[in-house]
Amino acid sequence: KLPGGSPVLGYLTAGILIGPYGLSIIRNVHATKAIAEFGVVFLLFNIGLELSVERLSSMKKYVFGLGSAQVLVTAAVVGLVAHIVCGQPGPAAIVIGNGLALSSTAVVLQVLQERGESTSRHGRATFSVLLFQDLAVVVLLILIPLISPNSSKGGIGFYAIAEALGLAAVKALVAISAIIAGGRLLLRPIYKQIAEMQNAEIFSANTLLVILGTSLLTARAGLSMALGAFLAGLLLAETEFSLQVESDIAPYRGLLLGLFFMTVGMSIDPKLLVSNFPIVMGSLGLLIAGKTVLVAVVGRLFGVSLISAIRVGLLLAPGGEFAFVAFGEAVNQGIMTPQLSSLLFLVVGISMALTPWLAAGGQLIASRFELQDVRSLLPDESETDDLQGHIIICGFGRVGQIIAQLLSERLIPFVALDVRSDRVSIGRALDLPVYFGDAGSREYFPNVKTFVRAHDVDHGLNLEKAGATAVVPETLEPSLQLASAVLAQAKLPMSEIAAAINEFRSRHLSELTELSEISGSSLGYGFSRIMSKPKSSSDSLSDDNQISEGTLAI
């Protein structure tokens with residue numbers, strides 16, 4: 001209910017209350033974290049389900065370019081500040097720099113999803129950087145034992161580091177290759193076999209096995225469990241079972257992710273905050289301001305617009321959950337004192353809690369400072385050069401906005417064009433790829449498939465003759481929905497309403513099909529003839545629960 005707030009804040013607060021620094025209902029935070037980590041695993045699996053290999057490949061410039069630059073630049077600057085200004089030894093400065101360069105995959109992605117910004121320009125760039133950070137944390141965890149004063153390999157030797165990183169790269173490559181090859185060969189036939197059993201429990205159990213199995217495989221290879229789950233989701237996204245799988249894991253993801261946020265809250269010590277308030281607040285301010293500036297500068301170098309780069313910076317500015325792992329391991333290796341790690345835990349935990357407000361602040365900046373003249377509404381090449389296989393929405397009115405929302409929810413890339421600057425401004429304020437332009441221009445690419453709506457039958461036939469791939473009547477479905485509401489108010493049974501609506505639709509489409517055949521049109525007003533072809537006698541009434549293709553279940 002808080003302005004700019006998020007349910008994440010509620011989980012964090014609950015964690016503070018029930019944790020060892022609050023009411024001490026839960027004292028063993030380490031054991032709780034072992035379970036809670038699966039919340040991030042399920043979240044990344046779900047993200048993978050909403051993507052595809054093709055869409056991911058279109059983001060490679062941001063993943064490996066922007067992602068690697070952000071981690072390296074931020075780690076170097078923060079590490080130098082820790083070493084020169086704060087007087088930390090070299091190994092501790094390296095761990096602090098790399099640990100604070102990472103951001104919270106769980107919190108940031110959850111906030112982006114809640115705000116509907118996952119497919120926006122800054123949302124795609126943010127996700128790409130977080131994906132690279134999941135890979136970078138592996139390097140950090142390998143480095144920590146090697147730079148420890150207790151290291152048996154003689155400290156920070158170049159040969160020791162190169163040997164360890166080379167071995168880790170080989171293991172990671174083998175694990176990722178095994179998951180991709182095995183997934184493409186086995187997932188579809190296994191799920192098809194299970195689906196034929198029509199047993200929901202076995203289907204759900206198989207999904208859990210896939211998630212936990214791939215997570216375990218990448219964990220054994222030295223990678224994060226979340227990366228394995230992401231790859232599994234990515235592979236399942238290519239199958240026809242992805243929607244059911246997504247529905248099955250939703251309860252697990254929600255519960256475990258909530259538990260994860262609560263364990264972050266359990267790491268925040270309010271007493272330590274009070275006793276070290278100036279130091280904590282100063283460090284927090286430097287972390288957020290410094291990372292925002294660094295990420296924004298790096299983003300501009302990779303073609304992200306200034307406002308979007310600032311929004312990416314604000315989202316990535318807080319620390320992340322991997323900092324807890326890295327700093328804890330540094331204490332175990334004698335690199336860092338427990339007192340310093342406790343202060344850093346506090347700074348990272350509070351910064352994660354600020355993420356929803358930082359996201360809201362980014363939107364406020366965009367609405368206040370982005371220019372509203374027509375030139376600012378034209379696309380920059382750098383803003384769209386990562387798009388592949390995307391949809392072009394011609395017109396961003398009421399219908400175009402609904403289509404854009406549906407595409408955004410499935411993370412399908414799109415670009416919208418409109419000649420009205422007020423509509424373009426609305427889209428740009430939401431950081432959607434909406435630009436000023438005339439899609440009816442003769443310079444428009446002529447061979448692209450087009451899906452259009454028609455005012456009436458004559459208009460629809462003319463559009464099909466002009467080469468439209470599919471034509472949809474703009475009055476048919478609204479009229480049928482309005483009629484069904486009226487019939488429901490007249491107390492007709494829902495089964496009778498559905499039958500009447502479907503009968504009218506079928507009759508109307510059959511008439512349109514005849515008209516299109518007479519006129520030489522090929523698609524029958526946008527609907528394939530398979531929708532109106534008669535059933536064979538062997539098919540009729542074979543299953544009372546089946547709905548014939550082309551009908552609407554109300």
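Counting just the residues of segment 159-188 that are more than 13 Å from residue 236 (Cβ to Cβ), free of Cβ contacts under 8 Å to residues at least 24 places away in the same chain and of a type outside the set (Gly, Ala, Ser), which one comes out least open to solvent (accessible area, probe 1.4 Å)?
Filtering segment 159-188 down to residues more than 13 Å from residue 236 (Cβ to Cβ) leaves 159-178, 181, 185.
If we keep only those that are free of Cβ contacts under 8 Å to residues at least 24 places away in the same chain as well, we get 159-164, 166-167, 169-170, 173, 177, 181, 185.
In the following step, the residues that additionally are of a type outside the set (Gly, Ala, Ser) were identified as 159, 161, 163, 167, 170, 173, 185.
Working: 159: 169, 161: 31, 163: 91, 167: 110, 170: 88, 173: 118, 185: 129 Å².
Only one residue fits best here, namely 161.
Just for segment 473-491: of the residues that are loosely packed, with under 15 Cβ neighbours inside 10 Å and touching a helix residue (DSSP H, G or I) at 6+ places or on another chain (Cβ under 8 Å), which one is nearest to residue 447 (Cα to Cα)?
Looking at the filtered set, the residue picked out is 483.
Is there a residue in segment 53-63 that is outside any helix (DSSP H, G or I), out of contact with any strand residue (DSSP E or B) (no Cβ under 8 Å at 6 or more places or on another chain) and open to solvent by less than 40 Å² (accessible area, probe 1.4 Å)? If you could, list the steps in order and put the result at the bottom.
Applying the first criterion (outside any helix (DSSP H, G or I)) to segment 53-63 yields 58-59.
Okay, now just the ones that are also out of contact with any strand residue (DSSP E or B) (no Cβ under 8 Å at 6 or more places or on another chain), so 58-59.
Those still in the list that are open to solvent by less than 40 Å² (accessible area, probe 1.4 Å) too: 58-59.
Yes, the conditions are met somewhere in segment 53-63.
Please identify the pairs in which a residue from segment 334-346 that is in contact (Cβ under 8 Å) with a residue 40 or more places away in the chain and more than 19 Å from residue 318 (Cβ to Cβ) has its Cβ atom under 6 Å from the Cβ atom of a residue that is open to solvent by 50 Å² or more (accessible area, probe 1.4 Å) and assigned to a loop (DSSP other than H, G, I, E, B), counting only partners at least 6 apart or on another chain.
Cβ pairs passing all conditions: 334/149; 334/150.
Got a sec? Which helices (runs of 4 or more DSSP H) wholly within segment 394-495 have at least 1 residues that are under 29 Å from the mean Cα position of the chain (by Cα)? If you could, list the steps in order and put the result at the bottom.
Details: elements: 398-409, 421-429, 457-465, 476-489.
Output list reads 398-409, 421-429.
For segment 279-297, does any single residue satisfy the condition of being open to solvent by less than 40 Å² (accessible area, probe 1.4 Å), closer than 30 Å to residue 173 by Cα, modelled with pLDDT of 90 or more and outside any loop (DSSP other than H, G, I, E, B)?
Among the residues of segment 279-297, at least one is open to solvent by less than 40 Å² (accessible area, probe 1.4 Å), closer than 30 Å to residue 173 by Cα, modelled with pLDDT of 90 or more and outside any loop (DSSP other than H, G, I, E, B), which makes the answer yes.
When the residues of segment 432-449 are filtered to those that are modelled with pLDDT of 75 or more and over 30 Å from residue 311 (Cβ atoms), which remaining residue is least open to solvent (accessible area, probe 1.4 Å)?
Within segment 432-449, the subset modelled with pLDDT of 75 or more is 432-437, 448-449.
In the following step, the residues that additionally are over 30 Å from residue 311 (Cβ atoms) were identified as 448-449.
Numbers: 448: 56, 449: 154 Å².
Within segment 432-449, the match that is least open to solvent (accessible area, probe 1.4 Å) is 448.
Before we move on, is residue 103 in a loop (DSSP other than H, G, I, E, B) and either free of Cβ contacts under 8 Å to residues at least 60 places away in the same chain or out of contact with any helix residue (DSSP H, G or I) (no Cβ under 9 Å at 6 or more places or on another chain) (or both)? Steps first, answer last, please.
Details: in a loop (DSSP other than H, G, I, E, B): yes; either free of Cβ contacts under 8 Å to residues at least 60 places away in the same chain or out of contact with any helix residue (DSSP H, G or I) (no Cβ under 9 Å at 6 or more places or on another chain) (or both): no.
Taking the combined requirement at face value, the residue does not satisfy it.
Give me the residue from segment 502-521 that is within 17 Å of residue 472 (Cβ to Cβ) and not hydroxyl-bearing (Ser, Thr, Tyr) and, out of that set, modelled with the highest pLDDT. Give the derivation first.
First, pick out the residues of segment 502-521 that are within 17 Å of residue 472 (Cβ to Cβ): 504-506, 508-513, 515-516, 521.
After this cut, where a residue has to be not hydroxyl-bearing (Ser, Thr, Tyr) as well, the list is 504-505, 508-509, 511-512, 515.
On the way: 504: 86, 505: 81, 508: 77, 509: 73, 511: 72, 512: 67, 515: 64.
It comes out as 504.
Let's see how each residue does on (1) closer than 19 Å to residue 12 by Cβ; (2) of a type in the set (S, T, N, Q); (3) free of Cβ contacts under 8 Å to residues at least 60 places away in the same chain; (4) crowded, with 23+ Cβ neighbours inside 10 Å:
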{"residue": "83", "(1), (2), (3), (4)": "no, no, yes, no"}
{"residue": "87", "(1), (2), (3), (4)": "no, no, yes, no"}
{"residue": "113", "(1), (2), (3), (4)": "yes, yes, yes, no"}
{"residue": "117", "(1), (2), (3), (4)": "no, no, no, yes"}
{"residue": "120", "(1), (2), (3), (4)": "no, yes, no, no"}
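Can you name every residue in segment 1-30 that is closer than 15 Å to residue 271 by Cα, open to solvent by 100 Å² or more (accessible area, probe 1.4 Å) and outside any loop (DSSP other than H, G, I, E, B)?
none
Quick one: which of 280, 274, 293, 264 is within 30 Å of residue 18 (Cα to Cα) and without any contact (Cβ under 8 Å) to a residue 24 or more places away in the chain? Before you say what the answer is, go through the steps one by one.
Working: 280 fails: without any contact (Cβ under 8 Å) to a residue 24 or more places away in the chain; 293 fails: within 30 Å of residue 18 (Cα to Cα); 264 fails: without any contact (Cβ under 8 Å) to a residue 24 or more places away in the chain.
On inspection, the qualifying residue turns out to be 274.
Go through segment 362-393 and give me each residue that's assigned to a helix (DSSP H, G or I), modelled with pLDDT under 75, open to solvent by less than 70 Å² (accessible area, probe 1.4 Å) and farther than 17 Å from residue 59 by Cα.
Looking only at segment 362-393, we keep the residues that are assigned to a helix (DSSP H, G or I), and these are 362-369, 374-377, 381-384.
After this cut, where a residue has to be modelled with pLDDT under 75 as well, the list is 369, 374-377, 381-384.
Next cut, open to solvent by less than 70 Å² (accessible area, probe 1.4 Å) only: 374, 376-377, 382-384.
If the condition is that a residue be assigned to a helix (DSSP H, G or I), modelled with pLDDT under 75, open to solvent by less than 70 Å² (accessible area, probe 1.4 Å) and farther than 17 Å from residue 59 by Cα, then 374, 376, 377 are the ones that fit.
Can you go through 454, 470 and tell me which one is open to solvent by less than 40 Å² (accessible area, probe 1.4 Å), at pLDDT below 80 and among the aliphatic types (A, V, I, L, M)?
On the way: 454 fails: at pLDDT below 80.
Going through 454, 470 in turn, the sole match is 470.
Just to be sure I understand the filter: pairs with C-beta atoms under 8 Å, separated by 6 or more residues or on different chains, first member in segment 1-30 and within 13 Å of residue 259 (Cβ to Cβ), second member open to solvent by 90 Å² or more (accessible area, probe 1.4 Å). Which pairs pass?
The qualifying pairs are 18/25; 19/25.
Hey, among the residues in segment 232-245 that are in contact with a Leu (Cβ under 9 Å, 6 or more places away or on another chain), in a helix (DSSP H, G or I) and in contact (Cβ under 8 Å) with a residue 40 or more places away in the chain, which one's nearest to residue 106 (Cα to Cα)?
Of all residues in segment 232-245, those in contact with a Leu (Cβ under 9 Å, 6 or more places away or on another chain) come to 232-239, 241-243, 245.
The next check asks that each one be in a helix (DSSP H, G or I); those that pass are 232-236, 242-243, 245.
Okay, now just the ones that are also in contact (Cβ under 8 Å) with a residue 40 or more places away in the chain, so 232-236, 242, 245.
Values: 232: 18, 233: 16, 234: 18, 235: 21, 236: 21, 242: 21, 245: 20 Å.
Per the criteria, the residue is 233.
What single numbered condition from (1) in a helix (DSSP H, G or I); (2) surrounded by 17 or more Cβ atoms within 10 Å (Cβ to Cβ); (3) modelled with pLDDT under 85 fails to hold for residue 223?
(1)
Would you tally the residues in segment 196-219 being more than 16 Å from residue 135 (Cβ to Cβ), open to solvent by 40 Å² or more (accessible area, probe 1.4 Å) and assigned to a helix (DSSP H, G or I)? Break it down into steps so the answer makes sense when it comes.
Taking segment 196-219 first, the residues more than 16 Å from residue 135 (Cβ to Cβ) are 196-213, 216.
Now restrict to residues that are open to solvent by 40 Å² or more (accessible area, probe 1.4 Å): 196-202, 205, 208-209, 212, 216.
From the residues that got through so far, the ones that are assigned to a helix (DSSP H, G or I) too are 196-197, 200-202, 205, 208-209, 212, 216.
Residues that pass the stated criteria total 10.
The values are calculated or read from the model by the stated rules, or taken from the named source; none is laboratory data. Computed from a predicted structure; not experimentally measured. All Cβ positions, even for glycine, are placed from backbone atoms using ideal geometry, and neighbour counts span all protein chains on display. Side chains are part of the model used for accessible areas, which takes the heavy atoms of the whole protein and leaves out ligands, DNA and RNA. Shrake-Rupley method; radii C 1.70, N 1.55, O 1.52, S 1.80 Å.
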